[in-house]
1. Collect the residues in region 51-72 that are charged (D, E, K, R) and touching a strand residue (DSSP E or B) at 6+ places or on another chain (Cβ under 9 Å), keeping them in residue-number order.
2. Look at Glu85 and say whether it is more than 20 Å from Thr154 (Cα to Cα), crowded, with 19+ Cβ neighbours inside 10 Å and under 20 Å from the mean Cα position of the chain (by Cα).
3. Being of a type outside the set (Ser, Thr, Tyr), modelled with pLDDT of 90 or more and closer than 23 Å to Ala166 by Cα is the filter here; which residues of region 122-149 pass it?
4. Just name the residue that is farthest from Ser102 (Cα to Cα) out of those in region 45-72 that are buried (at least 16 other Cβ atoms within 10 Å of the Cβ) and small (Gly, Ala, Ser).
5. When you go through Lys91, Lys36 one by one, which is the residue that is surrounded by 15 or more Cβ atoms within 10 Å (Cβ to Cβ) and either among the basic types (Lys, Arg) or free of Cβ contacts under 8 Å to residues at least 12 places away in the same chain (or both)?
6. Under the condition of being over 29 Å from Ser161 (Cβ atoms) and of a type outside the set (Gly, Ala, Ser), which residue from region 75-118 is modelled with the lowest pLDDT?
7. Being surrounded by fewer than 10 Cβ atoms within 10 Å (Cβ to Cβ), of a type in the set (D, E, K, R) and at pLDDT below 90, is that true of even one residue in region 158-172?
8. Ile153 is checked against (1) within 17 Å of the chain's Cα centre (by Cα); (2) within 30 Å of Cys70 (Cα to Cα); (3) surrounded by fewer than 17 Cβ atoms within 10 Å (Cβ to Cβ) and fails just one. What number does that condition carry?
Amino acid sequence: MKTIGNVSFVAMMAGLLLLGISAMAEDDGFTADDAKNFLQMMMGSSFGDVAIAGDVVTYYNPDGTVRCRCEYEFVGREAVTFGGEEFDWYKFELKSGDEACSEYRYLIATGVHSEGDEGMVHWHMRYGNTSFDDLINNPGYVMWYPTLAEGEITAEELAESYAEGAPMMGAMMKAARESLITLDAWNGTWANPGMMLDDPAMDLVYEAMADAANSA
C-alpha cells in the first residue's frame, strides 16, 4: 500500500474522516464547507479513474497516467446494512499485478446501481492491504465510500445528480457527528449526592418538603 510517511493512505483517509466529523461536532450547525469536506473525505481515494476489463482493473492517476493494472479473483460476498438498507459487498482478492497493486490487495465493491430511473449510474468500493473484515467492519471506514460513475460525467451533471440526494447526505452528516459524541464533555470527578441523603444536615430540607406538600 502506498504510504505517506509511515501512514497508509487508507488509514490516513479514515483518520481524516473521523477528524473532519469530530471538527463538525464542535459547532452547533453545519456550513457548506462542512458538507464539501464531508464528501471529499467520504469519496477520497488514492487514484483517479478506473477501467475494468474482465478480472483486470486498471487504476489511473489523477493526471490520466496508468497507476497500476491488477488482476483479481472473486472470493465471495457479504451482506451488510447501511441506513436501514441491506446490500452486498462483493469481495475480490489480488491474483497478480504490478508492485503498486499491493495497495489494492483487497477490493470490495457494491453492485452497479442508480438512485431513481434517471440517477447517475455508479458503484462504491473500498480497498486496502489488511483484510476483507477490516474493510467491511472497521468503524473508521463506516462513511468511506469511494464512488465510480459510468462513462464521462461533468461537474454539472454530478451536482444535478447529488442535489436530489442532498437531504439524505445531510442526514448522514448529522448522524456521523452524533455518533462521535463522547464523554469528554463530562470529564472530571463528580460527587454522588444520593449518598448523602441520610446525613442529618438534610433534615431541615425534608421538613420543608413535607410542609410544602401538606400545604399544596
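The values are calculated or read from the model by the stated rules, or taken from the named source; none is laboratory data. If you're wondering where the values come from, they're calculated on a predicted model, not measured in any experiment. Cβ atoms come from the backbone with ideal geometry, glycine included; neighbour counts cover every protein chain shown.
1. Asp55, Arg67, Arg69, Glu71
2. no
3. The answer is His122, Trp123, His124, Met125, Arg126, Trp144, Pro146, Leu148, Ala149.
4. That would be Ser45.
5. Lys91
6. That would be Asp98.
7. For region 158-172, residues surrounded by fewer than 10 Cβ atoms within 10 Å (Cβ to Cβ), of a type in the set (D, E, K, R) and at pLDDT below 90: absent.
8. Answer for Ile153: the failing condition is (1).
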